[in-house]
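Notes follow once the structure below has been shown.
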Amino acid sequence: MLSTIVNIHAFASPVTDNQFNRIDSILSLKEVSITAIKQGSNLQNEAISSTTLSSKNIERLNINSTNGISEIVPNFYIPEYGSRMTSSIYVRGLGARIDQPVVGLNVDNIPILNKDNYDFNLLDISRIEMLRGSQSTLFGRNTMGGLINIYTLSPLNYQGLRILAQYSSGNTYQAAVSYYTKINDNLGFSILGSYYSTDGFFKNIYNNENCDWEHSGNGRIKLSWNPGKVKVENTFSFSISRQGGYPYEYVETKEINYNDTCFYRRNNFNDGLTIRWNIKDIEMSSISSFQYLDDNMTLDQDFLPIPYFTLTQSRKEYALTQDLIAKGKVGNKYKWLGGLFGFYKDTDMNAPVTFLDAGIEKLIEHNRNDINPNYPIRWDERELLLNSIFNNTSFGIAAYHQSDYKIGRWKFSAGIRFDYEKSILKYNSNCDSGYTIYKVDDDKSAEVFRNDPVIIDDSGSLSKSFLQILPKFSVLYNLPMQSPSNIFMSISKGYKAGGFNTQMFSDVLQQKIMSIMGLSAKYNVDDIVGYKPEISWTYEVGTHIECLDRKIQTDISLFYIDCTNQQLTVFPDGTTTGRIMTNAGKSRSLGAEIAIKMLPTKHCELNASYGYTNAKFNEFNNGKSDFSGNYVPYAPQNTLFVGTVYTLDINADWLENIIFDANVRGVGRIYWDEANTIAQPFYALLGISVKFAHKKFSLQLWGENITGTKYNTFYFVSMSNAFLQRGNKARFGATLRITI
């Protein structure tokens with residue numbers, strides 16, 4: 001079977017005609033010096049379904065993080081909930097809330113290995129590309145749904161001082177200063193610093209304080225050197241974030257009301273080095289990176305004003321990546337690319353769960369005493385620590401190749417990747433506590449029967465190896481039209497790595513405690529500790545058409561995805577304390593995407609994109625219920641974006657033009673569970689902005705969800721209690737940008 005990958009550029013950089021260049025921004029920025037290495041420089045000529053956002057689009061739409069491109073890209077959705085750690089991404093019916101992502105992220109060609117680092121502030125971005133469909137042949141693990149490419153400004157292409165000041169609802173403010181300079185024609189550097197703060201919008205009535213506050217800082221130092229045939233670029237970046245987060249509302253009371261502390265703290269440092277050089281007719285590239293993550297997630301795990309239990313996940317992670325790429329061509333017909341990729345990641349994690357008074361009473365003592373009321377127990381201390389310490393080492397190596405061959409208007413592409421990965425988990429789970437057994441006499445009086453210690457020290461090692469062969473084939477036909485237009489077909493295999501459910505080791509301890517007290521396990525622990533890789537085959541067909549001198553661009557695609565062992569995040573039944581990743585048997589996803597861009601006049605631009613996804617389980621039985629035929633949860637069925645931009649020329653010394661923007665973002669329906677019993681209906685959010693632009697400054701006044709639409713971004717059930725997070729209310733702000 002063949003598929004088409006359609007190149008969707010609904011929000012591509014403005015056309016080259018000068019009359020349209022002023023639509024988006026007063027600032028004209030050149031391309032970054034280090035562009036995409038593995039794909040072509042013009043995505044419209046590649047067999048890739050994509051959306052491109054230029055720096056002008058990013059600024060105009062007030063996109064401050066990766067969440068901001070949600071819905072703009074057809075069938076692409078990133079809900080805002082929890083904290084910056086919960087970077088859940090859904091595309092074309094694929095996605096998961098924890099562990100391995102379905103979409104990869106590259107920043108200046110450097111792959112970010114941990115999705116918990118995906119959510120960061122976007123500053124001085126040259127462009128963003130979102131490639132949909134499996135990219136696993138060239139980019140490997142965790143890109144079966146697509147790839148996000150982010151490119152930052154280069155000091156060789158832009159020089160000057162940039163200042164950003166923004167204030168908006170919730171006492172939210174952001175400030176940034178960056179400086180770009182060239183030491184000589186071949187050497188330049190830049191430095192950037194920013195600070196972000198918000199009081200938040202959701203109040204925890206237990207302490208009458210906002211729970212979603214945040215304070216964060218970011219920095220970036222970039223060095224670019226281009227001495228002739230060699231191009232070198234090194235980027236060092238860091239981010240420090242402190243958050244409250246997790247404004248989860250108890251559905252029964254419609255209140256955010258929990259008694260224990262919730263927060264997320266993250267420090268991360270990344271350094272990436274890219275070197276490109278030519279050897280005769282071959283271009284060589286080396287992409288190296290070092291990544292460090294130090295974070296702590298602490299939760300009131302029950303999210304109630306009752307002392308049940310708390311969870312902490314404290315982690316330190318080091319990662320190294322190395323990609324060696326060679327590419328060349330023979331004449332004008334044949335092009336080839338090949339490479340070797342390797343990574344190493346080492347994670348130390350401490351993940352204790354602490355049962356508090358109500359948790360011990362209702363989740364342990366009550367269950368035990370219902371079975372044997374004549375010999376009830378009482379825990380000796382009113383806190384029970386279930387401690388789990390992990391070291392997870394994973395590494396992998398891959399070899400890949402792709403060939404492109406042109407015959408007349410036809411272009412054929414074929415690629416293959418051999419990918420090996422191994423993951424080793426060393427664990428130590430321990431508990432040191434005890435309880436007292438009482439004997440109830442006939443007169444209902446109780447006396448001490450005996451004291452039983454609960455001492456568990458369980459250590460071990462688990463390992464998983466994955467070997468994947470990932471082929472891809474596509475064919476492109478250039479239509480006989482004056483403007484560049486084509487049709488595509490392609491088929492590709494993708495995969496998402498398997499792993500271990502570290503949060504479930506507290507339940508391993510809980511089950512062993514129950515066993516000590518004579519209670520049987522509610523589920524097989526061995527079945528929930530690990531999960532399998534997710535495998536997909538994507539088939540696609542579509543077209544990209546430009547007409548009227550590129551004033552109208554239309555892209556349409558149809559896709560079908562066959563998925564095996566789809567990874568789903570669930571809360572197990574019973575009195576468990578963690579989330580687990582499980583595998584559904586088989587699922588399929590089919591749908592369509594359309595994007596239209598129109599330039600009716602030199603002052604007006606219209607954009608529209610729509611994505612439809614129908615994702616269902618073909619086979620999924622969890623041993624208790626059969627969900628076959630149901631919709632896959634958390635993946636939206638529809639995404640919509642409609643926007644219009646109008647530029648009013650002033651041409652005064654103090655003001656060049658005024659740019660008006662109005663847009664609508666829509667998403668839904670989203671089912672919240674595998675049984676499809678509850679869902680978020682389709683909703684739409686209206687945004688507006690007006691920008692007063694001068695070549696050295698701009699002031700933008702903007703509003704998001706100005707109609708105050710009510711919607712939910714997250715819903716889950718834990719311990720038979722339902723929780724949700726509300727979507728953002730109406731927000732208004734002002735953004736000042738100065739360039740010197």
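Points worth noting:
- Base-10 log of normalised Debye intensity for the stretch 111-171 (one unit scatterer per alpha-carbon) at q = 0.15, 0.22 Å⁻¹: -0.68, -1.01
- Taking 7 Å steps out from each Cα toward its Cβ at Ile371 and Thr707 produces label points 5.5 nm apart.
- Extension reserve of the Ser625-Asn583 stretch, reckoned as 0.36 nm per residue once the Cα distance is removed: 13.7 nm
- Residues Asn350 and Lys329, FRET efficiency given R0 of 51 Å [Cβ-Cβ distance, rounded to 0.05]: 0.50
- Sites Lys729 and Ile191, calculated FRET efficiency, Cβ-Cβ separation with R0 35 Å, nearest 0.05: 0.45
- Selected from Val454, Asn149, Tyr77, residue furthest toward positive end of dipole (the chain; charges at beta carbon): Asn149
- Potential lengthening between Asn296 and Thr312 on full extension [0.36 nm per residue; Cα-Cα distance subtracted]: 5.1 nm
- Leading residue at positive end of dipole, the chain (Cβ point charges), from Ala351, Ala175, Ser126: Ser126
- Packing-based ranking, highest mean first, of 535-542, 704-711, 196-203 given that Cβ atoms within 10 Å are counted: 535-542, 196-203, 704-711
- Listed from fewest to most Cβ neighbours within 10 Å, the set Ser492, Ser515 follows the order Ser515, Ser492.
- Ellipsoid semi-axes in whole angstrom, largest first, where each is sqrt(5λ) of the Cα gyration tensor of the stretch 613-687: 46, 9, 8
- Put the Cα centre of the stretch 140-190 next to the Cα centre of the stretch 404-471 and the gap is 39 Å.
- Calculated over the stretch 189-233: convex hull of Cα atoms, volume per residue (Å³): 75
- The stretch 66-181: mean projected area of Cα convex hull, nm²: 8.3
- Relative intensity of the stretch 289-341 on a log10 scale, I(q)/I(0) at q = 0.24, 0.27 Å⁻¹, equals -0.92, -1.00, per a Debye sum over C-alpha point scatterers of equal strength in the absence of solvent.
- Considering all different alpha carbon pairs of the stretch 331-404, the Kirkwood hydrodynamic radius works out to 17.8 Å.
- Net charge dipole, the stretch 18-739: roughly 3220 debye, given to the nearest 20, about the Cα centre with Cβ charges of +1 for Lys and Arg and -1 for Asp and Glu.
- Global form of the stretch 668-740, assessed from the alpha-carbon gyration tensor, a/c cut-off 1.5: prolate
- Cα radius of gyration and Dmax for the stretch 120-241 (Å): 18.8, 64
- Cα-based radius of gyration for the stretch 422-562, normalised by 2.2 N^0.38 Å, reads 2.07.
- For the chain, calculated [θ]222 nm from helices alone, where every DSSP H run of n ≥ 4 adds -39500 (n - 2.57): -1000 deg cm²/dmol
- Comparing Cα centroids, the stretch 705-731 and the stretch 311-347 end up 38 angstrom apart.
- To the nearest ten degrees, helix 505-516 and the longest principal axis of the Cα atoms of the chain are 10 degrees apart.
- Charge-dipole axis of the chain as Lys and Arg at +1 and Asp and Glu at -1 on Cβ define it, positive-most pick from Asn42, Ala497, Val529: Asn42
- Each label was represented as a point 7 Å from its Cα along the Cα-to-Cβ direction; for Glu447 and Gln322 these points are 7.3 nm apart.
- The label-point distance for Lys280 and Val440, in a model that sets each label 7 Å from Cα toward Cβ, rounds to 8.9 nm.
- On the basis of the beta-carbon distance and an R0 of 30 Å, Asp380 and Glu255 show a calculated FRET efficiency of 0.30.
- Note on the stretch 211-367: lysine pairs with Cα distance below 19 Å, sequence gap of 8 or more or different chains, count 12.
- The GluC sites (Glu not before Pro) of the stretch 214-315 that DSSP puts in a loop, and whose beta carbon has at most 13 other beta carbons within 10 Å, are Glu252.
Bear in mind these aren't lab numbers, they're just calculated from the coordinates by the rules spelled out. Computed from a predicted structure; not experimentally measured. Note: ideal-geometry Cβ built from the backbone for every residue, glycine included; neighbour counts use all protein chains shown.
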